[in-house]
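Just below is one structure, and these are the notes that go with it.
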Amino acid sequence: MAVVAIDLISTSITSAVISMAGKVMNKEVIPIENIGGIEVSQLIQKQIKKLLVTYQNDPIQIKCIGISVPGICNSKTGNIWAPNIQGWEDYPLLQDLNTLLKGKNVRVRIDNNRTCSILGEHWLGAAKGCKNAIFLSVGKGIGAGILIDGRILHGFTDAVGAVGWYALLRPYKEYYKEKGSLEYYASGNGILNHAREMISKTDNYSGVLLKKDLKHLTIIELVEAYKQKDSISIKVFKESIEFWGMAVANLISSFNPEIMIFGGNVFGPALLFVEEIKSEAKKWAQPLSINKVKFLPSQLGANAGLFGAGHLAIGKF
């Protein structure tokens with residue numbers, strides 16, 4: 001048997017068939033920038049139909065579909081709150097999929113990217129064999145998948161791990177309401193916006209970033225500028241490291257994990273900062289807890305959510 005796994009993020013849909021042993025087949029990535037609402041759901045449905053048809057006469061039987069989504073999945077309704085996808089403030093994704101699969105012996109499970117990322121790492125990655133681990137994902141948003149005492153935490157409204165809303169600064173500012181202060185400053189978009197703002201406000205700046213297309217600046221370019229000792233890149237990442245360190249300290253003091261895993265689109269390029277994040281976290285965290293934690297990069301990288309969706313479908317958790 002195999003499962004269909006779908007990993008939806010704000011910029012793309014990744015679909016694949018995954019075997020019970022974790023082998024990936026028929027993987028495809030489709031960009032979804034500039035679309036929203038029902039169009040995103042229709043693309044997900046199209047990929048599911050394509051994979052079910054491909055394997056309908058194959059000895060590999062597909063009976064389960066797992067879907068990883070950004071934001072929050074309401075476990076009671078299957079509706080999705082995904083603020084980075086237009087029109088997904090309360091989108092009835094499960095209802096769409098139940099209509100698509102009516103009469104077919106195929107079950108669907110949906111959960112958020114945070115949960116799926118830690119599930120993927122626990123199945124095949126850095127948290128394999130571990131009962132207490134946290135996956136900190138930093139990309140367009142910031143979230144944490146939390147595995148404690150062998151169980152994934154969800155909470156009353158399925159919002160556990162929405163650490164982008166960590167309150168790390170005062171006084172409160174109204175624009176924190178939409179994203180939270182941590183995400184406003186230390187997400188991928190927050191970091192890039194901060195760099196652009198600093199360039200516009202810094203007199204006599206002549207660094208390497210001026211040679212870039214600032215409107216389409218990337219984290220990779222910003223990290224490369226940091227390596228070249230660009231003054232603004234250094235200031236931006238110094239501040240980000242402080243925010244990440246405080247967030248990690250709060251997670252460790254609250255949950256006492258064995259492992260902290262760093263993933264998402266930013267960690268990749270920004271993995272060189274992990275030791276500095278650890279040093280910053282040590283200033284703030286409960287000392288007995290922080291001294292026992294291993295800081296590790298994601299072993300699954302961009303596929304963590306996809307593998308987690310597959311594991312979700314298999315239903316071992």
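The values are calculated or read from the model by the stated rules, or taken from the named source; none is laboratory data. Quick caveat, the model's predicted, so the values are computed rather than measured. So basically every Cβ, Gly included, is an ideal-geometry build from the backbone, and we count neighbours across all protein chains shown. Ligands, DNA and RNA are excluded from the accessible area calculation, which covers all protein heavy atoms including side chains. Shrake-Rupley method; radii C 1.70, N 1.55, O 1.52, S 1.80 Å.
Quick notes
- Rounded to 10°, Cα long-axis angle of helix 274-284 versus longest principal axis of the chain: 70 degrees
- Separation of the stretch 93-172 and the stretch 16-48, taken as the distance between their Cα centroids, equals 18 angstrom.
- Inter-probe distance in nm under a simple model that places probes 7 Å from Cα toward Cβ, at M25 and K294: 3.2 nm
- Inter-centroid distance (Cα atoms) of the stretch 173-207 relative to the stretch 274-315, Å: 25 Å
- With all protein chains in place and a 1.4 Å probe, the accessible surface of the chain carries 51 percent carbon and sulfur.
- Take the chain and mark each of the trypsin sites (Lys or Arg not before Pro) that is in a DSSP loop with at most 15 other Cβ atoms within 10 Å; the longest unmarked stretch, sites excluded, is 230-291.
- Out-of-range pairs (alpha-carbon distance over 24 Å; input K238/K283; K27/K63; K27/K227): K27/K227
- The dipole here belongs to the chain: it is taken about the Cα centre, uses +1 on the Cβ of Lys and Arg and -1 on the Cβ of Asp and Glu, and is about 580 debye.
- Against the main long axis of the alpha-carbon atoms of the chain, helix 188-201 sits at an angle near 30°.
- When the charge dipole of the stretch 140-215 is built from unit charges on Cβ atoms (+1 for Lys and Arg, -1 for Asp and Glu) and taken about the Cα centre, the candidate among G207, I152, P171 whose Cα reaches farthest toward its positive end is G207.
- Length-normalised contact order of the chain in % [C-alpha pairs under 8 Å, at least 6 apart]: 22 percent
- Where the chain is the region considered: accessible area per residue in Å², 1.4 Å probe: 48 Å²
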